[in-house]
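The values are calculated or read from the model by the stated rules, or taken from the named source; none is laboratory data. All figures in this text were calculated on a predicted structure; none of them were measured in a lab. Counting neighbours? That spans all protein chains shown, and the Cβs are built from the backbone with ideal geometry, glycine included.
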Amino acid sequence: MRPRKRFGQHFLRDPAVLKRIVEAIDPAPDDPVVEIGPGEGALTRPLLEKLVRLTVIEIDRDLAARLTSGKLDVRCADALDVDFSEFPRGLRVVGNLPYNISTPILFHLARYADRVRDMHFMLQLEVVERMVARPSTPEYGRLSVMLQTRFSMQKLFNVAAGAFRPPPKVESAVVRLVPLAEKPACDEKVLERVVREAFSARRKTLRNALKLRPEVLEELGLDEKLRPENLSPTDYVRISARLISPKSP
């Protein structure tokens, strides 16, 4: 199959990389596993050797039609439209995500974190570095905060461009996401708004970026001269919780 640019297709083909991914996932036969973007089935096949059943979500109708196995449940759909709550709790999600829509997919999946056991994805290296970035680093931003409030994340290993057909113009990496035991102690929509506003003005001071009164910052123990990139995910949760408290400004 010729990769289609409109779907951001880069087919993983390196057997050594595929072996490392399957070893990292380490699936048990009865695990409920969903693979997003199976493409030509390079990862699908070794997963099927380990699993009793595997669900795959493929947006490309031609590719979906070629995925045939009695152990496969093939869904021809856009992963952004899939309601992952229909799958059993303890769900394990894997895949080589299309790099052009990887961030929307990650945010979509984060809504189902309480149903997920773990997720393993191949992503653009730059995106993975943003996901796991620490505060006060250039890579730290909205993606870092929103995912770190829901998941513990670890970059597992880098993957060279030559492992794909066609080779992408960027380096890649495999990342593991494991949901945290507790949800953020605040309204998630408020958290999303606060983080979006903060990083849309990341070079401003915290007081100006979020328009918080000095007494509110003092109450939270935050220096008004700090910038959005200096705050931890926990700080953003505390700010969001404060904004919906009875004492909100």
Practice item. Within the range 132-152, track down each residue that is in a strand (DSSP E or B) and surrounded by fewer than 17 Cβ atoms within 10 Å (Cβ to Cβ). Key: Ser152
Review point. How about the range 201-249: which helices (runs of 4 or more DSSP H) wholly inside it have at least 3 residues that are modelled with pLDDT of 95 or more?
Key: 233-243
Check your understanding: For Phe164, all conditions in the list (1) of a type outside the set (Gly, Ala, Ser); (2) touching a strand residue (DSSP E or B) at 6+ places or on another chain (Cβ under 9 Å); (3) closer than 26 Å to Glu229 by Cα; (4) buried (at least 17 other Cβ atoms within 10 Å of the Cβ) hold save one; what is the number of the exception?
Key -> (3)
Review point. Which residues, taken from the range 45-59, are under 20 Å from the mean Cα position of the chain (by Cα) and either over 22 Å from Leu106 (Cα atoms) or at pLDDT 95 or above (or both)?
Key: Thr55, Val56, Ile57
Exercise for review: Would you be able to say whether some residue in the range 178-187 is free of Cβ contacts under 8 Å to residues at least 24 places away in the same chain, out of contact with any strand residue (DSSP E or B) (no Cβ under 8 Å at 6 or more places or on another chain) and on the phi > 0 side of the Ramachandran plot?
Suggested key: no
Study note, to complete from the structure: Just one listed residue, out of Arg227, Arg207, is surrounded by 12 or more Cβ atoms within 10 Å (Cβ to Cβ), more than 19 Å from Thr137 (Cα to Cα) and either touching a residue at least 24 places away in the same chain (Cβ under 8 Å) or touching a Leu at 6+ places or on another chain (Cβ under 8 Å) (or both), and it is Arg207
